[in-house]
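Here's the structure, in structure tokens; my notes come after.
Only the coordinates and a few stated rules stand behind these numbers; no lab work does. None of the values given here were measured: they were computed from a predicted structure. Cβ: placed from backbone, ideal geometry, glycine included. Neighbour counts: every protein chain shown.
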Amino acid sequence: MNEQTINQQHTQILLLIHEKRLKEALYQLESYFWQCSDWNLKNRFEQIQLAYSYMLQYMQEGIADPERKKLYAKIQADTLEVTDQIRLLYLDQQSNHLYHEYRRKQAFVGSNQPQIEKMRLVLESFTDDLAVSCLLNEQHQNEVLMRHEETQKLLFIHTWTNSSWNLTEAEQAKAMLASELVQENDLCLFVSAVTMSLLACFDVRKLLCLFDAYQHSNVQISQRGLVGMAFVLHRYADRLKLYPEIENRLASISEAKPLDEDLMLIQRQILLCQETEKIDKKMREEIIPEMMKNVSSIRNMKFGFEESDEEKDDRNPDWQGIFDTPGLGDKLREMNELQMEGADVNMSTFSALKGFPFFRELHHWFYPFDRKHSSVIKQSKERGGENDFMDIIMQSGLFCNNDKYSLFFIMQNFPQSQRDMVFSQLIEQADGLTDQSKLDVMKKFNDRPTTVSNQYLHDLYRFYKLNQRRMEFNDIFKEKIRLYQVPVLKDLLYHPDFLLNLAHYHLSKEHWVETTELYETVLTMDNRPEITDEFYQRLGYALQKQGRRQEAIAAYLKADTIKPDNVWTNRRLATCYRLTGKFAEALAYYRKVEETAPENKNTVYYIAHCLAELQQYDDALNYFFKLDFLENNSLKAWRGIAWCSFVQGKHEQATKYYEKIIENKPLPIDFLNAGHSYWVSKNMVKAIAMYSKAAELSEGRDLFIETFKKDVPFLIDQGIAKDDIPLMIDLI
């Protein structure tokens, strides 16, 4: 079997198990086993077959079994685990992925491979060994460092590639996390290895280990455990119910810690990470170029932005905290706000700086920045204040660990003159960062759980997007992660507060489909809070942005019922009715908006538009003239005046305004309408010239003819003979 066949058969068997077609699954799994050389695994499979056959036999004989449901779940879980293991066994023989290369090496080493306990003892002795080596010589210090780092690598590889812990290994892992002598960075690496192992193959004992990590007193370790939990619970959502120990453990954890709040935060941070490509594009195409244009006067930039598109921002200003502040012209502030929100603004800067030898080792992508790492010590040179300031940068929570290594290595490779220039600029821009009070504030910021988890997610994002062997991993950030839909988390997260919070977040990021789904889900819940007008406003807005205007109208009407005469709601209703061709209804709501802002140019224009569509041309003309008064050289007003004049037979006035339009910024439709006006005025030469220009500017002959024919009824009303129309088209 090749890799594709192995994975397809594995997927098919998993599907049968989840659909509770267990007999079919066992039948297919039996054929999957025909080349299996692992007798222990074969024996386990035969035990599953035997247990299930007995269960079916007892049921056939009508024997009551109160434990049948639990036993069936256990057989399902065991079958899933055996299916996973046989897949890995076959892939070990076929795949050239690094994961399977290491597993082949581990199998070759066999019983001589290091145990977690042995590696823990080496790691525990590191601090004392390093202290002693510093009193001896540099060679001895290097030996201590290399032994420590080699143990780190072995620990990562051994944990990552061990697809199923036994009871002894699970206890050793628990002892590793409980050790007070193992360094924080080593434990962080261990937790990441457990996470990566779980993402490769499910193992309930490793998941319980992540629960232990989440409950660790050290924030760096606990946040890695939390992120790992979130990813694993998402990926294996459909099998977790088969393990009672998982639900029991989650229940006990939630009594001791605010697990629901922590998972809500992680859910939002993951969503923000999935926005990185958009942010990266914005950084490259907008923010950085704008900053470069203004770099000479960066300290004198003034805030303020004049919005040119009057209807670009149609969001409700009453929705406090839902949308970011619009209209910021200062790109530096915009970048800072993105960064403070937790957005990954550094991806574009550091994505090209992952070619250093350090990143060729897979485990280095997960290792916290460490001044004691040999790669750092080797390139680090004492430079007085420069070195101190480098320490400050490396302690900053504004860079993830992965980027700190990139920054350090690139700085070490700069010529001295460039290093001095960069450091002087950094020190100048830091503006007193070395002040102790500011350092204390920065340290508190760096130690916040939200900062730690966010930076760790950025590390993981870089691993999945930038490491040299990234194609060998299923990118978790490409998956739709919805923790509230994970069955074992339903009691924790599937409640209105969580869903509303998440809906508001999706709304702020303009994820219209997700916003709609969440708001509509809340509406179906029995324990939902009182629904406000703002709820229906937001739902309507998300629907409107998807082009679902009829549904948006229904939501806006409910908002209007709860809180009548809200200007924003009336404006949205008017817009949706107008865009669905219901001009009488649209006009009614525009009239309501007009009562509060009679001089608003957009309102005046759309009232005129609706009146014209309703063939109330005298009233429409009055509003178009009002718009022309309010807005100098208004092409919109002129087009309205010209058309209404044309259909009312005021041909001289129509021609006058079309000539004004054509002298400014005419569109193809303006030339077409001007042609109509000249034709009904008996000016054939100019009519043909205008029509020809319209045809020339149109996107194809067919489109021009189609547009022309829509106006035929108006031409006939103005005295043009029906038989002359095909002739005019041929003349054009």
task = Select from segment 448-531 those GluC sites (Glu not before Pro) which occupy a DSSP coil region and have at most 16 other Cβ atoms within 10 Å, ordered by residue number.
result = E479, E510, E530
key: Gyration tensor (alpha-carbon) shape descriptor, segment 586-666, a/c threshold 1.5   = oblate
inquiry  = Over segment 99-161, what is the relative contact order in percent, taking alpha-carbon pairs closer than 8 angstrom and at least six residues apart?
reply    = 46
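Can you tell me the relative contact order of segment 633-732? Whole percent, Cα pairs under 8 Å, sequence separation 6 or more.
For segment 633-732, the relative contact order is 22 percent.
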ask   = For K42, which lysines qualify as cross-link partners when the Cα separation must be under 24 Å and same-chain residues fewer than eight apart are set aside?
value = K20, K23, K70, K74, K105, K206
message = I'd like the distance between the alpha-carbon centres of segment 12-43 and segment 168-182, rounded to an integer number of Å.
response = 34
note = Mean separation of Cα contacts under 8 Å (at least 6 apart) over the residue count of the chain, i.e. the relative contact order in percent, is 8
request  = Calculate, in whole percent, how much of the Cα-Cα pair population of the chain lies beyond 50 Å.
outcome  = 37
Dipole magnitude of segment 13-110 about its Cα centre (Cβ charges: Lys, Arg +1; Asp, Glu -1), debye to nearest 20 = 160
query = Pairing the Cα long axis of helix 512-523 with the longest principal axis of the chain, what angle in degrees results, from 0 to 90 and rounded to the nearest 10?
reply = 80
ask   = Taking the highest mean first, how do the peptides 84-92, 170-178, 65-73 order by number of other beta carbon atoms within 10 angstrom per residue?
value = 84-92, 170-178, 65-73
query = So what's the back-of-envelope 222 nm ellipticity for the chain, counting only DSSP H runs of four-plus at -39500 (n - 2.57) apiece and dividing by all residues, rounded to 500?
reply = -21500 deg cm²/dmol
key: 17 Å Cα-Cα reach of K650 towards lysines, excluding residues that sit fewer than 8 places from it in its own chain   = K660, K682
message = How would segment 658-717 be classified by its alpha-carbon gyration tensor: rounded, prolate or oblate, with rounded meaning a/c under 1.5 and the a/b versus b/c comparison settling the rest?
response = oblate
request  = Give a residue-ordered list of calculated ³J(HN,Hα) values for segment 576-587 (Karplus: 6.51 cos²θ - 1.76 cosθ + 1.60, θ = phi - 60°; whole Hz; x for Gly, Pro).
outcome  = 5, 5, 4, 6, 9, x, 9, 6, 5, 5, 4, 4
ask   = For M59, M119, what's the fewest-to-most ordering of other Cβ within 10 Å of each Cβ?
value = M59, M119
query = Rounded, prolate or oblate: which fits segment 633-732 when a ≥ b ≥ c are the square roots of the eigenvalues of the alpha-carbon gyration tensor, with rounded for a/c under 1.5 and prolate only if a/b beats b/c?
reply = oblate
